[in-house]
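Here's the structure, in structure tokens; my notes come after.
The values are calculated or read from the model by the stated rules, or taken from the named source; none is laboratory data. The structure displayed is predicted, hence computed values, not measured ones. Cβ placement follows ideal geometry from the backbone for every residue including glycine, while neighbour counts extend to all protein chains displayed.
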């Protein structure tokens, strides 16, 4: 007879593992094998085995390298600005006593909208002829801009839209960390006569380091994988100005039909994300062990 725990394992855990295996593990293994072949949507099957040729080709591909630099620039800018804005707002929300529910509602609303919907909304708002943004600029005597069609403005515009959409996530994580901080260090800092800036620098930041690392890691991973917002807003344009690596991989797979090559690029992206995750996790563990 099966024990109660074994029955529970079979009933609740095994189906979940099977679903994960089908939806996650199988595509990963399939695409990994595909990355070593000349697979294409133009022919059946995997095609010919080409070894590491797809990976070598990626490092020689100027467009892939450029999309990597674009992704890195985009990630650094959005994560830095979202962290600064998020921490600033979280600190203010942690101090206020009244109206927190109203502020939370306003802050959370953008985060609840899907990236595709966000892209469509902002495409309408920023339309060069029919958009409300250029209309309001005209009302105050300023000239409207082709926000998503100008090579000098497109990346900045996408960055600002991403910040609008994702900064609530950063606020909520950092605010959760602030709320959970112990009160004794702040009482000691007050007794010692520390100013607000000194308290923030010497008490709040050290106590928040683990939370900050987790928040930044989450946003770095999602920023590197950004695809839907780019697809809806600019499709990588003008030219390749906003072509991030995820969109470049999509183009190789579904525009040029090179599924083997795109799989190889996907695994290079996965490797970068895994390395960054290891670095952040070790930073967090190092701080925890030091304490």
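Points worth noting:
- Options 15, 27: the member that is at pLDDT below 85 and either within 30 Å of residue 151 (Cα to Cα) or in a helix (DSSP H, G or I) (or both): 15
- Members of region 216-235 that are free of Cβ contacts under 8 Å to residues at least 40 places away in the same chain and more than 16 Å from the chain's Cα centre (by Cα): 235
- Qualifying residue in region 74-93 (condition: in a helix (DSSP H, G or I), within 19 Å of residue 168 (Cα to Cα) and over 23 Å from the mean Cα position of the chain (by Cα)): yes
- Just one of the numbered conditions (1) free of Cβ contacts under 8 Å to residues at least 40 places away in the same chain; (2) assigned to a helix (DSSP H, G or I); (3) over 30 Å from residue 196 (Cβ atoms) is not true of residue 101: (3).
- In the set (1) exposed (fewer than 15 other Cβ atoms within 10 Å of the Cβ); (2) at positive phi, residue 197 fails one condition alone, (2).
- Residues considered: 267, 247, 227. Of these, the only one that is closer than 22 Å to residue 115 by Cβ, surrounded by 14 or more Cβ atoms within 10 Å (Cβ to Cβ), out of contact with any strand residue (DSSP E or B) (no Cβ under 6 Å at 6 or more places or on another chain) and modelled with pLDDT of 95 or more is 247.
- Any hit, region 45-55, residues being under 19 Å from residue 251 (Cα atoms), touching a strand residue (DSSP E or B) at 6+ places or on another chain (Cβ under 9 Å) and at pLDDT 90 or above: yes
- Failed item in (1) more than 30 Å from residue 176 (Cα to Cα); (2) in a helix (DSSP H, G or I); (3) without any contact (Cβ under 8 Å) to a residue 60 or more places away in the chain, with residue 106 passing the rest: (1)
- Odd one out for residue 182, checked against (1) in a helix (DSSP H, G or I); (2) over 30 Å from residue 243 (Cβ atoms): (1)
- Condition check for residue 203 on (1) part of a helix (DSSP H, G or I); (2) touching a residue at least 24 places away in the same chain (Cβ under 8 Å): one failure, at (2).
- Counting the residues of region 40-72 that are in contact (Cβ under 8 Å) with a residue 40 or more places away in the chain, surrounded by fewer than 16 Cβ atoms within 10 Å (Cβ to Cβ) and either within 20 Å of the chain's Cα centre (by Cα) or part of a loop (DSSP other than H, G, I, E, B) (or both) gives 4.
- Of all the residues in region 107-141, those that are closer than 25 Å to residue 172 by Cα and loosely packed, with under 10 Cβ neighbours inside 10 Å number 1.
- Residue count for region 73-88, restricted to those that are farther than 17 Å from residue 224 by Cα, surrounded by fewer than 19 Cβ atoms within 10 Å (Cβ to Cβ) and either in contact (Cβ under 8 Å) with a residue 24 or more places away in the chain or in contact with a helix residue (DSSP H, G or I) (Cβ under 6 Å, 6 or more places away or on another chain) (or both): 1
- So residue 37, is it touching a strand residue (DSSP E or B) at 6+ places or on another chain (Cβ under 7 Å) and in contact (Cβ under 8 Å) with a residue 12 or more places away in the chain: yes
- Members of region 122-158 that are within 24 Å of residue 70 (Cα to Cα), without any contact (Cβ under 8 Å) to a residue 60 or more places away in the chain and part of a helix (DSSP H, G or I): 156
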